[in-house]
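Undergrad: Input: one structure, supplied below.
The values are calculated or read from the model by the stated rules, or taken from the named source; none is laboratory data. What you see is a predicted model; the values in this text were computed from it and never measured. Neighbour counts are summed over all protein chains in view; Cβ atoms, including those assigned to glycine, are modelled from backbone coordinates with ideal geometry. Surface accessibility is based on the protein's heavy atoms, side chains included, excluding ligands, DNA and RNA. Shrake-Rupley method; radii C 1.70, N 1.55, O 1.52, S 1.80 Å.
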Amino acid sequence: CLDSNGELHEFGSSWRSADCNDCSCSRDAIRCCSSFVTPVDYDKEKCVSIFNKETCTYEVVEKDDHSKECPVRGWVG
């Protein structure tokens, strides 16, 4: 299988892409899906979501103080 970055993958293999998608290769196709969930229900006036590409996760923190986490009531993925 040839992925969108031009990298070859063996049939039956799986990998995590640079944009945090979990992918697998079969004789029929390459299939990819998101490996992370996105916060959707939090105080957007007071807080901001920050994506960490190293861990493929979001952190929701106060805009004025990134050391303080904000509660999240809903995620989608």
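Undergrad: If you take the residues in region 8-38 that are over 16 Å from residue 76 (Cα atoms) and of a type in the set (Phe, Trp, Tyr), which one is most open to solvent (accessible area, probe 1.4 Å)?
TA: Across region 8-38, the extreme among qualifying residues is 11.
Undergrad: While we're looking at this one, here's another question. Applying the selection to region 39-56, what residues are touching a Phe, Trp or Tyr at 6+ places or on another chain (Cβ under 6 Å) and either part of a strand (DSSP E or B) or open to solvent by 100 Å² or more (accessible area, probe 1.4 Å) (or both)?
TA: Answer for region 39-56, where residues must be touching a Phe, Trp or Tyr at 6+ places or on another chain (Cβ under 6 Å) and either part of a strand (DSSP E or B) or open to solvent by 100 Å² or more (accessible area, probe 1.4 Å) (or both): 39, 49, 51.
Undergrad: Additional query: Kindly indicate which of 4, 14, 24 is modelled with pLDDT under 95 and under 20 Å from the mean Cα position of the chain (by Cα).
TA: 4
Undergrad: Between residues in region 41-65 that are at pLDDT below 95 and residues that are open to solvent by 70 Å² or more (accessible area, probe 1.4 Å) and small (Gly, Ala, Ser), which pairs lie under 9 Å by C-beta distance while being six or more apart or on different chains?
TA: What qualifies is 53/18.
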